[in-house]
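The values are calculated or read from the model by the stated rules, or taken from the named source; none is laboratory data. Note that the structure is predicted; figures quoted are calculated from it, not measured. Cβ sites come from the backbone with ideal geometry, for glycine too, and all protein chains shown count toward neighbours. The protein model used for the area step is the full one, side chains on, heavy atoms only, and it has no ligands, DNA or RNA in it. Shrake-Rupley method; radii C 1.70, N 1.55, O 1.52, S 1.80 Å.
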Amino acid sequence: KSVKKAIEHCDMMSYDELMINSKKAMKKAYKAYTKNPWDKEYSFQQFCRWILPYRCANETVEPFRKHFLQEYGEAIKNSHVKTVKDVALLLNKLINQKVHYKDSYNKEANVQTIPQLEKSGYGNFYDINIYKVKVLRSFGIAASLDYTPFLADTSFGYAWTTVFLPDNSKLRLEFPSKVKLDVPGRLAKVYRRTFQRIKTSLFAKKNIDETTPPFLGDFYYQDITDKNTSRTVRVKTTGKTGFEYLAVFNDGSWHPISWGVANQDSTVTFKRMGTDIVYLPVRLEKHQLMPVGSPFLLDTTGKQQPLIPDFSKEQTALLSKINSHQSMIPNTKYALYVWKNGWMYLDSFIGNSNGKIIKVPDNGLFLLKCHSALPQKRIFIVQPDGEQVFY
């Protein structure tokens, strides 16, 4: 009877979708919700949204609840923990000891299954946190997968697990190789994966057969970007009406991080954008990203500084670094580029420990490339005193 009620009140999945997980599996979810002492404090809506779902994202559907109760149940029983917070922290510790982060898994397109992750002991941030959310839900703890698809100042994205405590506060679970999220210029957008039908999401707005960038139009999510530190951005683009995006530079190329709808005057509004970040307006055409405006720096006040190279004015630049924390390698050939509707070649030179003094166009966005195996390349601007500032 309670399972039937859950189906009727669960606003994020249809009856057919829930049946994929079977009534038997749903009963396991409801049992986890009712048998633990801490679950009496959760509302039925919290159960429907953050304990019942059989998936966290678009990973393979697996009957995970029984497996995780067997895998971690004895440790919970022997610990005599009583509160949601204490159980969550203990489970987080146990999982961190079992599975570990490794960079090489960031190139994997699909989320690892539970057996794959447990066997290898390694995964990317999404593998680990999808696993973590499912473990928590197996013990009747409300949890979600939160993420930023692409970090704005480095490579790849980042995901973490948020636990909803009964008093409506939240607990963010980390692991030893955690990324510092409070670094200025790092978070352009933050999302929470959900099956609740968010009518304002791109997934709800677009035609079902319309191609949209990964992470933005493939499923429902909540925008949980910090309201206090983010700013609204209005961009005049060269595109047509329809969906347009703001992209950040990540792992050597531009990746969409937020979406908006172009009006008849080609003005697009993007809400809750992280600051101290360089953005590029883009449009998706025939599965390719096309620039529809100039890159710009959004400062902490919300001011947009267009980065359009002025070739009539030159400034002196001291190029000494590849990114904010690594100097150029001596006796290595570098190529300098500036953005002008794409990366435009400027000059080549051999790196040295003292750096290279070179003339560059004023107000440009630059990139140093090298064919050698090097750490990540980052975009930068040049200050009036010639110093590189990376983004």
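Structure summary
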| read-out | value |
| --- | --- |
| Point-to-point label distance, T229-Q45, nm (Cα→Cβ direction, 7 Å offset) | 2.8 |
| Modelled FRET efficiency - R0 30 Å, H371 with N341, Cβ distances, 0.05 increments | 0.80 |
| The chain: relative contact order in percent, alpha carbon pairs under 8 Å with at least 6 residues between | 11 |
| Distance in nm between pseudo-label sites at S266 and I329 (7 Å out along the Cβ direction from Cα) | 4.3 |
| 25 °C / 0.890 mPa s Stokes-Einstein diffusion coefficient of region 284-350, Kirkwood radius on C-alpha pairs, µm²/s | 164 |
| Scattering curve values for region 134-190, log₁₀ I(q)/I(0), Debye with Cα scatterers, q = 0.25 Å⁻¹ | -1.04 |
| Share of carbon and sulfur in the accessible heavy-atom surface of the chain [1.4 Å probe, %] | 49 |
| Where the chain is the region considered: accessible area per residue in Å², 1.4 Å probe | 49 |
| Within straight-line cross-link reach of K333, aspartates and glutamates at Cα separation under 20 Å, skipping those fewer than 8 residues along the same chain | D347 |
| Whole-angstrom gap from region 79-150 to region 320-389, using each part's C-alpha centre | 38 |
| Residues L181 and T238, FRET efficiency given R0 of 41 Å [Cβ-Cβ distance, rounded to 0.05] | 0.75 |
| Size of electric dipole in region 252-308: Cβ of Lys, Arg +1 and of Asp, Glu -1, about Cα centre, debye, nearest 20 | 120 |
| Helix 125-138 axis, angle to the chain major axis (alpha carbon atoms, nearest 10°) | 20 |
| Under 14 Å from the Cα of K119 - aspartates and glutamates, other chains or at least 8 residues apart | E71, D127 |
| Filter on K102/K340; K66/K180; K313/K377; K82/K134 - keep pairs with C-alpha separation over 31 Å | K102/K340; K66/K180 |
| Binned Cα-Cα distances of region 62-152, short to long, each 5 Å bin given as a whole percent | 2, 13, 24, 25, 17, 11, 5, 2, 0 |
| The chain, helix-only ellipticity at 222 nm - DSSP H runs n ≥ 4, -39,500 (n - 2.57), divided by all residues, nearest 500 | -7000 deg cm²/dmol |
| Surface accessible to a 1.4 Å probe, H80 within the full protein complex, Å² | 140 |
| GluC sites (Glu not before Pro) restricted to region 282-391 and DSSP loop, no more than 14 other C-beta within 10 Å | E387 |
| Per-pair calculated FRET efficiency, R0 = 35 Å: V389 and D167 via Cβ, rounded to 0.05 | 0.25 |
| D_trans [Stokes-Einstein, Kirkwood Rh over alpha-carbon pairs] for region 148-269, 4 °C, 1.567 mPa s, µm² s⁻¹ | 81 |
| Read-out semi-axes √(5λ) of the Cα gyration tensor in Å, derived from the coordinates shown; its label in (i) 35, 31, 18; (ii) 44, 25, 17; (iii) 33, 28, 17 | (ii) |
| Along each principal axis, Cα extent of region 239-391, largest first, Å | 51, 31, 27 |
| Inter-part distance where region 258-279 and region 182-215 are each reduced to a Cα centre, Å | 14 |
